[in-house]
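The values are calculated or read from the model by the stated rules, or taken from the named source; none is laboratory data. Keep in mind that what you see is a predicted model, and the values were worked out from it rather than measured. Keep in mind that these areas ignore ligands, DNA and RNA; they rest on the heavy atoms of the full protein, side chains included. Shrake-Rupley method; radii C 1.70, N 1.55, O 1.52, S 1.80 Å.
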Amino acid sequence: MSTSAFAVNCTPEIKFSCTVPRMVDLIEAHRLTGLSIPFLRHKFRAGELVGVRCGVSNNGKILLNFDKLVEYLNCHREQLESEPEYITGQIHPVKI
């Protein structure tokens, strides 16, 4: 008996409908958006930007998902400074 007679194609055909994200490093993200590299790094470390670190765990290059970065910039609005709520009994600045 030959083993090829029992060979059956067991791998199902899988079709992917997603696209590969555009990944950019911090320098390219800085050039494209005008945001500072330390700001981008801080937001990545805080988990606010989607990306991956390539290479050594702490010293690897950070690659950001550029589409998610643009989405973050379009959705994120700077909160207006309102009058802070003061707790009685604490020192706080007084407008003169």
Criterion violated by G89 - all others in (1) on the phi > 0 side of the Ramachandran plot; (2) at pLDDT 90 or above satisfied: (2)
In the range 43-56, anything over 14 Å from Y72 (Cα atoms) and of a type outside the set (A, V, I, L, M, F, W, C) is listed as R45, R53, G55
For the condition modelled with pLDDT of 95 or more, among the charged types (D, E, K, R) and open to solvent by less than 90 Å² (accessible area, probe 1.4 Å), what is the one hit in E28, E48? E28
